[in-house]
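J.: Structure incoming, see below.
The values are calculated or read from the model by the stated rules, or taken from the named source; none is laboratory data. Nothing here was measured: the structure is a model prediction, and the numbers come from that model. Because the Cβ atoms are built from the backbone with ideal geometry, glycine has one as well, and the counts that use them run over all protein chains shown.
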Amino acid sequence: MGMPFTAAGRIAAEDAPPVRYNSGGAPITANGRLAISEAPIARWATGIPYTATGAIAVEYQTPFAGVTIVTQPTNISVTDGDPAVFTVVAVSGDASPLTYQWQQNILGTWTNLTDGGDFSGVLTDTLTIDPAELVDNGEQFRVIVTNSVDSKTSNSATLTVTAIATFYIIAENGDFLITEDGLDNMVLEAA
């Protein structure tokens, strides 16, 4: 019999239907050709790559069909009264549409947000808080991204809101208030 090669040194092909074998030993047919199992191909992770019937198994990986968060929301620092924008980038492994639900950590409980008031985009990849106020300082936000296969929850991101600097200037007619923005327009005059 010998090895299953042609005279030219190529692997010989069996003309007859593939032979299924169920005993141990090398996966070779009676005439010395490579045998093919008719059973479904088995997946193997470790050890010798043979199925339970001794046929050569083919390693395969099923493409991931769920949600993958590519870019997590990041911490944001804004000035009181300015908008704060959190974003997430995600992909759907099975190409089904993605849905989003932003949440806020309120007293230790993650609570779904709804559009309205200071919040917009709570069902999109971009959450906007406009205006962000001092009372929002330290608040945490995250998003749940879902496709037809599964859901993934992002990391949480913290909002830092700082106050606008306030200056008091003593004038001849009494004190009056000037904000930091107002300083940009002031012109110093020599007495």
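J.: Sort through G108, G116, G121 and tell me the only one that's at positive phi, touching a residue at least 12 places away in the same chain (Cβ under 8 Å) and of a type in the set (G, A, S).
T.: Step by step, each of G108, G116, G121 is checked, and only G121 is at positive phi, touching a residue at least 12 places away in the same chain (Cβ under 8 Å) and of a type in the set (G, A, S).
J.: So is P97 in the same structural domain as N147 (by TED's automatic domain parsing), touching an Asp or Glu at 6+ places or on another chain (Cβ under 6 Å) and either modelled with pLDDT of 95 or more or surrounded by 16 or more Cβ atoms within 10 Å (Cβ to Cβ) (or both) or not?
T.: No.
J.: Let me ask something else. Given the criteria of a type in the set (F, W, Y), farther than 14 Å from V70 by Cα and buried (at least 18 other Cβ atoms within 10 Å of the Cβ), does W102 qualify?
T.: So W102 passes the test.
J.: Just checking, how many residues over segment 65-106 are within 16 Å of the chain's Cα centre (by Cα) and part of a loop (DSSP other than H, G, I, E, B)?
T.: Residues flagged as within 16 Å of the chain's Cα centre (by Cα) and part of a loop (DSSP other than H, G, I, E, B) within segment 65-106 amount to 12.
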